[in-house]
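The values are calculated or read from the model by the stated rules, or taken from the named source; none is laboratory data. All values derive from a computational prediction rather than experimental measurement. Neighbour counts are summed over all protein chains in view; Cβ atoms, including those assigned to glycine, are modelled from backbone coordinates with ideal geometry.
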Amino acid sequence: MAPIHLACSEGMLNLVQYIIEQIPSSLELSNTMPGHTPFLIAVSSNHLRVIKYLVSKNCNLSATDDEGSGAVHISVARGHFNVVKYLIDSHHCNPNAINHQNYTPLHVAVAANRYEILEYLLSKSIPSMSVVWLCQTKYSSDSPHDLYNNPKNAVLVNVQAKDGNTPLHLACRRGRKDMVSLLLETSLSNNNLLITNKEGQTPLHLAAASGHENTAKALLSSVTGSSVHIEVLTAIDNKGCTVLHTACSNGHIDMFRYLASIYPQGVNVIDNKGRGLLHAACEGGDVGIVRTLIEAHGLDPELEDQDGITCLHLIKRVYVYQYLKPNIQSNPTPKDKFGRTPLHYASRSGNIRMVRYLIETFPCTPDDPDNNGYTSVHGACEAGSMQLVQYFLTDLKSHSLEE
């Protein structure tokens, strides 16, 4: 750091003034990491008097660091409410500025869990503006776009980052129910629940993936009785997965039970690969979900997807396989269309506990080939599991690598 940076960091206004008077070029001098100018350092360090002085000297208010974050991003992330309020109320900074991830200050407020700042930023959003102003500026409440140059610099609520996530997506993923409720209250319409990220996921998908049941309830209760309610429950991501698939594949039994209770017909939905909830539940590893799907909903554990893969091929936990074993009427180690058994899949994922269970329980060996001669030893090598390869070659005397 140069002397000007240290002076700004410590809030020594007199020293900052002296250095800039003596060396005017120091006003925009960036440090090497993370590329902060004196202005950004003062913002980061919460020294409002220094900030106001630098502004009076016409410092670059649009300066950004190496991550593309400007003064508002930084002050929001740090939780410096007084600085945020000064910068925005004085119209010194754009409240919709984006960094390299296309995060706006709203995204940052959610990610950093700054509720008070989020509340303030949302007070600057369009629904908080007067109806008269909306009419004068001819903006439709259904299309709140292109507002970066509006007279009041209104905060945009549903800007999507590069990954497609809105602030609502982030709040749902982190389970911040209060923030979710606040964002929903401020939204112009219920359609923000249907906005999808680059993976085709709605905010409810992310709540389901993280197991935040209260957040999911807040989302769905906000659209109870509307067409959006069923649209959210039936929405599919790029893989054809509903929120029920997502809850199952992540092993969140309470989330699954809640979603299944309000949308029971969703239990029979399949994804783009022809996989149902039982496939997803076996991947997620929660035996409670697996048991409920079989015993309460009658799902078939031997049902194949479009490649002949059953849920047995995808099981990650031995105890799930042990539960399913009595429910299998035919082959407990079935082959898919490529001739691969659950042992091939367990080996390729490096799951040594499952591998040991399968070999010790069923008549299968690591030398059993698929339709193209691919064995479980090949799978273990592909997984990079030295432990599995040694088990196959040393303990089981496999000969696959000799071929």
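Restricting attention to region 102-117, which residues are under 13 Å from Thr166 (Cβ atoms) and surrounded by fewer than 16 Cβ atoms within 10 Å (Cβ to Cβ)?
Listed by number, the list holds a single entry, Asn102.
Hand me the list of helices (runs of 4 or more DSSP H) wholly inside region 34-127 holding 1 or more residues that are within 21 Å of Arg174 (Cβ to Cβ) and out of contact with any His (no Cβ under 6 Å at 6 or more places or on another chain).
The helices (runs of 4 or more DSSP H) meeting that bar are 71-78, 81-89, 105-111, 115-122.
Looking only at residues that are modelled with pLDDT of 90 or more and among the β-branched types (Val, Ile, Thr) in region 151-191, which one is surrounded by the fewest Cβ atoms within 10 Å (Cβ to Cβ)?
Val159
Give the number of residues within region 374-397 that are at pLDDT 95 or above and not in a helix (DSSP H, G or I).
Residues flagged as at pLDDT 95 or above and not in a helix (DSSP H, G or I) within region 374-397 amount to 4.
Answer with yes or no whether Leu343 is in contact with a helix residue (DSSP H, G or I) (Cβ under 6 Å, 6 or more places away or on another chain), touching a residue at least 24 places away in the same chain (Cβ under 8 Å) and in a helix (DSSP H, G or I).
Judged against the criteria, Leu343 is a match.
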